[in-house]
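Please treat every number below as a calculation from the coordinates, not as lab data. Here the structure is a predicted model, which means the values were calculated and not measured. Please note: Cβ atoms are built from the backbone with ideal geometry, for glycine as well, and neighbour counts cover all protein chains shown.
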Amino acid sequence: MNRRIARLAIPALGTLAADPLVSLIDTAFVGRLGTVSLAALAINAAVFSVAFMAFNFLAYGTTPLIARAWGRNDQASVARTTTQALVLAVALGLLATSILLVGSHQWLAVLQTPPEAFPEALTYLRIRALAAPAVLIITAANGAFRGQQDTLTPLRVTLGLNLANVIGDAILIFGLGWGVGGAAAATVLAQWLGAVWFLRLLAPHWLGFGAVKGRDLLPL
């Protein structure tokens with residue numbers, strides 16, 4: 001029993017530890033651009049931390065529902081719940097992207113962004129906002145895999161997308177000279193890579209986006 005718990009807990013802890021690496025990697029690269037760029041990144045870290053934290057229920061609500069269905073070997077319920085979570089993640093992600101883009105100036109103003117950092121902060125926010133659906137897909141997928149007692153797969157995907165972010169930062173920030181915008185673009189690409197990877201892995205356990213109607217999302 002202890003070994004079984006360890007096999008579940010250790011990768012789960014690894015995933016939690018690796019999640020903040022996206023921001024830390026961006027900070028390490030952007031720090032070389034100067035204090036103004038670093039300030040722009042720090043302000044956005046606060047924006048996206050608050051924006052995405054509100055949707056953690058996609059994981060915490062999905063895990064127990066799938067765990068119960070998985071425990072009684074009800075694959076139809078596993079597929080239905082997984083599909084509901086992913087469709088809701090996409091819908092809320094698109095809504096979050098819209099809110100972040102439409103209110104981009106206001107969010108930065110509320111956080112009292114220094115005038116010298118405002119242009120770079122605005123660029124980063126508008127690009128990074130495009131990753132919102134991917135982030136929420138990843139959140140829901142994490143919950144789905146945990147419900148199936150698989151914590152190793154989310155760890156692998158998380159490490160993979162962080163590696164992609166490192167490569168993307170190096171190429172886009174310095175190789176192409178995109179600066180802070182390059183950091184945002186690298187993060188967006190890495191998170192969409194992780195989302196698509198998760199969707200492919202979950203293919204046997206979900207029904208497709210067209211299989212869910214609005215009322216089906218209420219149980220989550």
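Placing +1 on the Cβ of every Lys and Arg and -1 on the Cβ of every Asp and Glu, with no other charges, gives the chain a dipole of roughly 800 debye about its Cα centre.
Alpha-carbon geometry of the chain: the Rg and the Dmax are 18.3, 58 Å, given in that order.
Within the listed set PRO20, PRO64, PRO154, the Gaussian network model of the chain (springs between alpha-carbon atoms below 10 Å) gives the highest mean-square fluctuation for PRO20. For the options ASP169, ASP150, ASP74, a Gaussian network treatment of the chain with springs between C-alpha atoms closer than 10 Å singles out ASP74 as fluctuating the most.
Just checking the listed ones, ASN165, ASN142, ASN44: in the Gaussian network model of the chain with Cα springs under 10 Å, the one fluctuating most is ASN44. If I require 30 Å or longer along the helix axis, counting alpha carbons, and a Kyte-Doolittle average no lower than 1.0, what helices from the chain are left? Use full DSSP H segments. In the chain, the long hydrophobic H runs are 75-102, 180-201. Excluding the site residues themselves, the longest part of the chain lacking any trypsin sites (Lys or Arg not before Pro) in a DSSP loop with at most 13 other Cβ atoms within 10 Å is 73-212.
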